[in-house]
Amino acid sequence: MNAGDSGQEPPEHARFAAYLAELEQVTDTDETELVAGVLADPDPVMAGAAVVRHLDRRAEDLHPEPVWEEWAEAMARVVGDRPFLVRRLREWTLFRAVVRGLPWDQDDLLASSDWLQLRTAAGSSTGALTVLAERGRTKRIRDTARASLTRLNPA
């Protein structure tokens with residue numbers, strides 16, 4: 001009999017929900033310690049999923065703030081060599097540069113994940129939108145970027 005047949009929630013599901021709740025409430029002072037603790041879970045896929053949700057939430061909140069660099073560096077140290085989490089942090093840094101009008105490289109944008117390209121294509125940076133409208137990875141990304149360009153520059 002598996003956990004689904006018994007009506008009991010698998011233990012990793014319960015831990016995932018608990019981690020999300022803890023990460024939602026964590027203080028800035030305790031954040032790196034908690035993220036490191038989550039990443040020490042014996043289920044690395046579940047732990048990574050919980051941490052990426054946290055990174056996305058925090059990055060969304062912090063990307064316009066001056067504390068970004070310090071936070072991103074601290075999180076980079078904690079996520080260490082976990083490729084997906086390292087990439088997500090790097091992509092949030094690129095997104096922040098595009099949105100804030102800071103220097104960014106179009107090759108980095110074109111090499112980024114569909115997640116970042118689509119998020120950027122829905123934005124308001126004319127330079128990034130032009131690049132993605134012409135060379136975005138998927139038709140959806142190119143179409144989204146074209147629609148955003150049209151919204152910004154109506155004929």
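The values are calculated or read from the model by the stated rules, or taken from the named source; none is laboratory data. Given the structure is predicted, the values throughout are model-derived calculations rather than measurements. Don't worry about glycine lacking a Cβ; one is built from the backbone with ideal geometry, like all the others, and counts go over all protein chains shown.
Being loosely packed, with under 12 Cβ neighbours inside 10 Å and charged (D, E, K, R) is the filter here, so list the residues in the range 29-59 that pass it.
Answer for the range 29-59, where residues must be loosely packed, with under 12 Cβ neighbours inside 10 Å and charged (D, E, K, R): just 33.
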Quiz prompt | Hits in the range 123-151 (condition: loosely packed, with under 15 Cβ neighbours inside 10 Å, under 25 Å from residue 59 (Cα atoms) and not hydroxyl-bearing (Ser, Thr, Tyr)) | solution = 127, 140
Practice problem: Give just the number: which of (1) buried (at least 18 other Cβ atoms within 10 Å of the Cβ); (2) of a type outside the set (Val, Ile, Thr); (3) under 16 Å from the mean Cα position of the chain (by Cα) does residue 24 not satisfy? | Solution: (1)
Self-check item: The listed residue being surrounded by 14 or more Cβ atoms within 10 Å (Cβ to Cβ), more than 22 Å from residue 25 (Cα to Cα) and outside the structural domain of residue 130 (by TED's automatic domain parsing), out of 85, 94, 62
Solution: 94
Practice problem: Kindly list, by first and then second residue, each pair from a residue in the range 19-34 that is at pLDDT below 95 to a residue that is aromatic (Phe, Trp, Tyr) and part of a helix (DSSP H, G or I), limited to pairs with Cβ atoms under 6 Å and residues at least 6 apart or on different chains. | Solution: none
Exercise. Give the residue that is farthest from the chain's Cα centre (by Cα), with candidates limited to residues of the range 131-155 that are polar (S, T, N, Q) and farther than 22 Å from residue 105 by Cβ.
Key: 153
Practice problem: Output the number of the condition that residue 81 fails; it satisfies all remaining conditions of (1) at pLDDT 95 or above; (2) closer than 22 Å to residue 114 by Cα. | Solution: (1)
Exercise. Tell me which residues, restricted to the range 97-155, are closer than 27 Å to residue 65 by Cα and in a loop (DSSP other than H, G, I, E, B).
Key: 101, 102, 103, 104, 105, 112, 113, 122, 123, 124, 125
Practice problem: For the range 72-119, name all the residues that are small (Gly, Ala, Ser) and under 15 Å from the mean Cα position of the chain (by Cα). | Solution: 72, 76, 97, 112, 113
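For every residue, the table says whether it meets (1) closer than 18 Å to residue 112 by Cα; (2) at pLDDT below 95; (3) touching a Leu at 6+ places or on another chain (Cβ under 7 Å).
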{"residue": "37", "(1), (2), (3)": "no, no, no"}
{"residue": "42", "(1), (2), (3)": "no, no, no"}
{"residue": "53", "(1), (2), (3)": "no, no, yes"}
{"residue": "60", "(1), (2), (3)": "yes, yes, no"}
Practice problem: Quickly run through the range 62-78 and pick out the residues that are at pLDDT 90 or above and outside any helix (DSSP H, G or I). | Solution: 67
